[in-house]
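Dropping a structure here in structure tokens format, bear with me for questions.
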Amino acid sequence: MILQALPPRILSVRRLPNADPALLLAYGADPQRHRSLGLVTVDQDDPTYVALDEATKHADVDVVFAKSFYAGARHGSGPLSGEILGVLAASTPDEIDEGLRAFVRCLESDACFYAADDAGKTAVFPHVIAALGRYLSALAGLSPGDALAYLVAPPMEATIGLDMALKAAGVRAVRIFPPPTETNFAAAWLTGPLESCEAAALAYCEAVVRVAANPKGEVWGS
Amino acid sequence: MSRTRQLIDRLRDELGASAPMPPAPPLPRVPEPPARVFPRRHEGSPYAREAARHTTALLGIGHVGTRYATDVVLQFQAELAVAHEAVATELPADWATQNGLIGLRSRVRDHREYLLRPDLGRRLEPESLARWTQAGQHGVDVQPILADGLSAVACMQSGLTLLDSFTQACRARGLTVGVPVAARYARVWLEDEIGAAVSAKVAAILLGERPGLGTGDGLSAYLVYDPRIGKTDGDRNMMSNIHPRGTRPEIAGVRLAVLARAMLDQQRSGVELDLSGLRTELGDVASRAHRAPQVRVRLVEVAG
């Protein structure tokens, strides 16, 4: 069955209650404001960005570091590496805990890739964020509370899908990440009214499914 | 559930790609049941086997595997049906007059009310009370009352025999016996009001007892000294299982008469009554010698 959720696996969750200032600086935190760090690794990068953003809505934490690893989770440097390392920073460990709880909740019940074909080899991430947090809104140049369609798929599927998404609803492309990225997927961030974002995400997802089912199109197909 | 997951679920439906249910997992091979026959096991202990011959209770019925034998189950169900039927039977309204008795009735109006309202079954209906006060013989030693109780079947089968033997045994002991009556929809305590209305010294009610398995025809007798409303069960002496397989009515009548005699002598009844002297008076009807083996009434026959 297609469009089954592919639940992300949280590979590690650790906390540094009182991190060394040098470390704080190296990972982009501000030693004046931050003392504690929360660190996570997950085997899916894009749901993790969404979940880190979700954490900023529930606690006074800042996402100071979040980077995808090259070539994805299947080529990790160790069993805990996964596809991404995310770092939350806050003034107290309690804030970190609260942020991590929201992070885990989001990954367990909301953000995830979906299988676009029966074999589960094509993954698509047609995620709609109803209200942005402080992290992604800053990256996207939007305001916290705006809606965002966070769309990810492999290069071919993503390109066809993005065209469908932009034409399907009154949305605006905030950022487009053409391939290659670290994980060799392609991504796009679209914004607009929530309904438009949802329509765009659905159109994107449907296009990905159709491309995956018929890769060579009507002209060159069998 | 998250909004995005709902949207994707709906899209899957629209694309016609939803499988209503996951495919059934392959069934494991079910092995053939073992070809085992469970023969009937009879009770192995000779003591239990002998005891079972002397009672109609469900003793030593054996087993087949872990369950009862089919004929035992069928017999149980048949006996239960007999008991239900006995409770459901009603004493005909003219049964008393046909048998030369005075017919009285409790305050109960129908059989269903009789089962649901024991309190109404303990009081005489006003018309019956007036008629009985008029017709009854006042100041007698013993007032016998025949009644349906919970088994009209028992009352009709052996009630008259018991009444006769009881009356004769009382007269033989020099007691005056009142005019016999038959009461419908009667509970035990109805004897208080009937006895009090004619100022009898002892009231004796003979009525069908609550049917059990295989005994839809049992009678019980309850005797009370100085009957009047307000007497309790502690003031009564009773005898149960008066039926052909228990205490036979002819013997029961004699024992009850001896009991009535003792009540009149001691001027009390119930737990206060001293029964220690009765043994000699009863003579051979008090015998507790070896009982002949009882034959269970077979309601079901199983071939083989």
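Which residues, taken from the stretch A:101-117, are in a helix (DSSP H, G or I), more than 10 Å from chain B (Cβ to nearest Cβ) and in contact with a helix residue (DSSP H, G or I) (Cβ under 7 Å, 6 or more places away or on another chain)?
A:A102, A:F103, A:L107, listed by residue number.
To continue, here is another question. Suppose the filter is outside any helix (DSSP H, G or I) and either out of contact with any strand residue (DSSP E or B) (no Cβ under 8 Å at 6 or more places or on another chain) or hydroxyl-bearing (S, T, Y) (or both); does A:G120 pass it?
no
Here's another thing I want to ask about it. Identify, from the list A:L162, A:L166, A:L142, the residue that is part of a loop (DSSP other than H, G, I, E, B), aliphatic (A, V, I, L, M) and away from every other protein chain (no Cβ under 14 Å).
It is A:L142.
Just one of the numbered conditions (1) over 21 Å from B:A17 (Cα atoms); (2) among the basic types (K, R); (3) assigned to a helix (DSSP H, G or I) is not true of A:R210; which one?
Here A:R210 meets the rest and fails (1).
Give the residue, chosen from A:T191, A:T181, that is within 25 Å of A:Y70 (Cα to Cα) and of a type outside the set (K, R).
Details: A:T191 fails: within 25 Å of A:Y70 (Cα to Cα).
On inspection, the qualifying residue turns out to be A:T181.
Next up: For residues in the stretch A:40-61 being surrounded by fewer than 24 Cβ atoms within 10 Å (Cβ to Cβ) and over 16 Å from the mean Cα position of the chain (by Cα), which is nearest to A:L6 (Cα to Cα)?
Checked the stretch A:40-61; the qualifying residue nearest to A:L6 (Cα to Cα) is A:H58.
Mind checking whether some residue in the stretch B:212-223 is closer than 21 Å to B:H138 by Cα and either in contact (Cβ under 8 Å) with a residue 12 or more places away in the chain or part of a strand (DSSP E or B) (or both)?
Scanning the stretch B:212-223, I find at least one residue that is closer than 21 Å to B:H138 by Cα and either in contact (Cβ under 8 Å) with a residue 12 or more places away in the chain or part of a strand (DSSP E or B) (or both), so the answer is yes.
In addition: Within the stretch B:67-123, which helices (runs of 4 or more DSSP H) (wholly inside it) include 2 or more residues that are more than 21 Å from the chain's Cα centre (by Cα)?
Details: elements: B:70-88, B:95-98, B:111-116.
Passing ranges, in order: B:70-88, B:95-98.
Quick check on the stretch B:132-140. Is at least one of its residues free of Cβ contacts under 8 Å to residues at least 40 places away in the same chain and surrounded by fewer than 23 Cβ atoms within 10 Å (Cβ to Cβ)?
Yes, that holds for at least one residue.
Suppose we filter A:G82, A:G145, A:G161, A:G170 for residues that are open to solvent by 50 Å² or more (accessible area, probe 1.4 Å) and among the small types (G, A, S); which single one remains?
Going through A:G82, A:G145, A:G161, A:G170 in turn, the sole match is A:G170.
Related question: In the stretch B:149-166, how many are open to solvent by less than 10 Å² (accessible area, probe 1.4 Å) and touching a helix residue (DSSP H, G or I) at 6+ places or on another chain (Cβ under 6 Å)?
3
Just to be sure, is A:L151 aliphatic (A, V, I, L, M) and either open to solvent by 50 Å² or more (accessible area, probe 1.4 Å) or not in a strand (DSSP E or B) (or both)?
no
Just to be sure, is B:L104 within 22 Å of B:Q157 (Cα to Cα), at pLDDT 80 or above, open to solvent by 60 Å² or more (accessible area, probe 1.4 Å) and in contact with a Leu (Cβ under 7 Å, 6 or more places away or on another chain)?
Criteria not met by B:L104.
Something else: If we keep just the residues of the stretch B:1-25 that are open to solvent by less than 60 Å² (accessible area, probe 1.4 Å) and of a type in the set (G, A, S), which is farthest from the other protein chains (Cβ to nearest Cβ)?
Filtering first and then ranking leaves B:S18.
Which condition number in (1) at pLDDT below 95; (2) open to solvent by 50 Å² or more (accessible area, probe 1.4 Å) is the one that A:L3 fails?
Tallying (1) at pLDDT below 95; (2) open to solvent by 50 Å² or more (accessible area, probe 1.4 Å), A:L3 fails exactly one: (2).
Report yes if A:A131 is hydrophobic (A, V, I, L, M, F, W, C), touching a residue at least 40 places away in the same chain (Cβ under 8 Å), within 13 Å of another protein chain (Cβ to nearest Cβ) and open to solvent by less than 20 Å² (accessible area, probe 1.4 Å), otherwise no.
Judged against the criteria, A:A131 is not a match.
Also, quick follow-up: Can A:T183 be described as away from chain B (no Cβ under 14 Å), of a type in the set (V, I, T), closer than 23 Å to A:E83 by Cα and part of a helix (DSSP H, G or I)? I'd like the intermediate steps shown before the answer.
Numbers: away from chain B (no Cβ under 14 Å): yes; of a type in the set (V, I, T): yes; closer than 23 Å to A:E83 by Cα: yes; part of a helix (DSSP H, G or I): no.
Considered against the rule, which asks whether it is away from chain B (no Cβ under 14 Å), of a type in the set (V, I, T), closer than 23 Å to A:E83 by Cα and part of a helix (DSSP H, G or I), A:T183 comes out as no.
Which ones in the stretch B:162-192 are touching a Ser or Thr at 6+ places or on another chain (Cβ under 9 Å) and in a helix (DSSP H, G or I)?
Matches in the stretch B:162-192: B:C170, B:L190.
Here is a list of conditions, (1) at pLDDT below 95; (2) within 14 Å of chain B (Cβ to nearest Cβ), and A:V219 meets all of them except one; can you say which number that is?
All conditions are met except number (2).
Inside the stretch A:73-100, can you point out the residues that are over 17 Å from the mean Cα position of the chain (by Cα) and either within 14 Å of another protein chain (Cβ to nearest Cβ) or assigned to a loop (DSSP other than H, G, I, E, B) (or both)? Give the steps one after another, and end with the answer.
As a first pass, look at the stretch A:73-100 and keep what is over 17 Å from the mean Cα position of the chain (by Cα): A:74-80, A:89-98.
Answer for the stretch A:73-100, where residues must be over 17 Å from the mean Cα position of the chain (by Cα) and either within 14 Å of another protein chain (Cβ to nearest Cβ) or assigned to a loop (DSSP other than H, G, I, E, B) (or both): A:G76, A:S77, A:G78, A:P79, A:L80, A:S91, A:T92.
Now, a different point. Please indicate, with yes or no, whether at least one residue in the stretch B:227-239 is part of a strand (DSSP E or B) and closer than 23 Å to B:R105 by Cα.
Yes, because at least one residue in the stretch B:227-239 is part of a strand (DSSP E or B) and closer than 23 Å to B:R105 by Cα.
The values are calculated or read from the model by the stated rules, or taken from the named source; none is laboratory data. Being a predicted model, the structure only gives us computed values, none of them experimental. Using ideal geometry, Cβ is built from the backbone for each residue, glycine included, and neighbour counts are taken over all protein chains shown. The protein model used for the area step is the full one, side chains on, heavy atoms only, and it has no ligands, DNA or RNA in it. Shrake-Rupley method; radii C 1.70, N 1.55, O 1.52, S 1.80 Å.
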